[in-house]
1. Based on C-alpha coordinates, I'd like the Rg and Dmax of the stretch 136-257, in Å.
2. May I ask you to work out the translational diffusion coefficient for the stretch 11-89 at 37 °C, viscosity 0.692 mPa s, via Stokes-Einstein with Rh from the Kirkwood sum over Cα pairs, reported in whole µm²/s?
3. So for each of 35-41, 241-247 I average, over its residues, the number of other beta carbons within 10 Å; can you give me the resulting order with the highest mean first?
4. Taking 0.36 nm per intervening residue step and subtracting the Cα-Cα distance, what contour gain separates A33 from A194 on full extension?
5. Convert each backbone phi in the stretch 191-201 into a coupling constant with the Karplus relation 6.51 cos²θ - 1.76 cosθ + 1.60 (shift: θ = phi - 60°), then list the ³J(HN,Hα) values in order as whole Hz, x for Gly and Pro.
6. Under a crude label model (7 Å from the Cα following the beta-carbon direction), how far is A230 from A111 in nanometres?
7. Once phi is turned into ³J(HN,Hα) by the Karplus curve 6.51 cos²θ - 1.76 cosθ + 1.60 with θ = phi - 60°, what whole-Hz value does each residue of the stretch 291-296 show in order, with x for glycine and proline?
8. Using θ = phi - 60° and the Karplus form 6.51 cos²θ - 1.76 cosθ + 1.60, what ³J(HN,Hα) does each residue of the stretch 114-119 get, whole Hz, x for Gly and Pro?
Amino acid sequence: MPGDNRPVTEFELKLDIPPAALAGVRAALQARAPQALRLRAQYLDTPTQALARAGVALRLRLEGQAWVQTAKGPGAGAVERLEHDAPVPVPAGGDVPAPDLARHDGTPLGARIRAALQAAAAAGEPVALGAVFTTDVQRLRAEQPHGAARLELALDEGRILAGGRSVPVCELEIEALQGPVAEVVRAARVWVQAHGLWLSTRSKASRGRALALGGGPKPPRPLPPVGDPARADAALAAALDLASLLAAGEGAASHAQALAAALQALGADAAAAQVAAAGDAVQAARGGAVQLALLAALEVQSDRLPPA
């Protein structure tokens, strides 16, 4: 079934949860009468990762008893994502359904996927899609009003699995369903301060690819020069990614130096100084100074975005 061509943009923040805070986060969700749902997914790509190179994630997910095929790709802002969901008929015998790219035809993501596969084929690469990794997650989902918005809270606990290896998933996602998207940032600030959570741009797709394919973190990119109109947005995107990497314990000294520079470019001099002086980059990236500085910059950006 071809997908419709309505643009779908999601504004969502992901917060990683330290083990000591999990019980408190779970109890706070339980107080909102959540729905529980098991989510089992396959993430698909070509053998040479043509879709990942194009910035696209393609997923087949069993949500309870219903299959959904989803494409995701970058949006306009640091934490905006384009997303297109298409329902998938349930196969006879309980098999995993085959992916069908026509489900995303007529959408920007569908065009991006087709272009990536055509470019790979033109380069002589194989373009058959297969599962690169899988996820198995138990989700607690609740909705809540926040200011003038209606938000979705989703606590995900589970595993990402690839090649006989696995890594845990323990994160809280906050998404705007309706109203001003800046309320997502304001709600995230409450959870960060109450439970010691931290922002993460490390999606399940990026973590799964890293698990399946290996390889260390990429060197930090230099920021655009002072006076370049793109500098502020680039600094925010870089700071979010670098703080996520360091908070996960996967960065190096060069990433901590780059985070300090990105924070300074955002005008967060106190947070930049704390990172530069820290002996423990992991704790500095998780700490309140860095997290609140990132949230303040995100709030400014999100206030410029249209409502959900």
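1. Calculated on Cα positions, Rg and Dmax stand at 16.7, 49 Å.
2. Estimated diffusion coefficient is 216 µm²/s.
3. Sorting 35-41, 241-247 by mean packing, highest first, produces 241-247, 35-41.
4. Full extension from A33 to A194 adds 56.0 nm.
5. Listing the rounded values in order: 5, 4, 6, 7, 10, x, 7, 9, 5, 9, 9 Hz.
6. Result: 2.0 nm between the two label points.
7. In residue order, the calculated couplings are 5, 5, 5, 5, 5, 5 Hz.
8. Coupling constants for the stretch 114-119: 4, 5, 5, 5, 5, 5 Hz.
Bear in mind that the values in this text are calculations on the coordinates, not laboratory data. Model, not experiment: these values are computed from the prediction. A quick note on method: Cβ atoms are made from the backbone with ideal geometry, for glycine too, and the neighbour counts reach across all protein chains shown.
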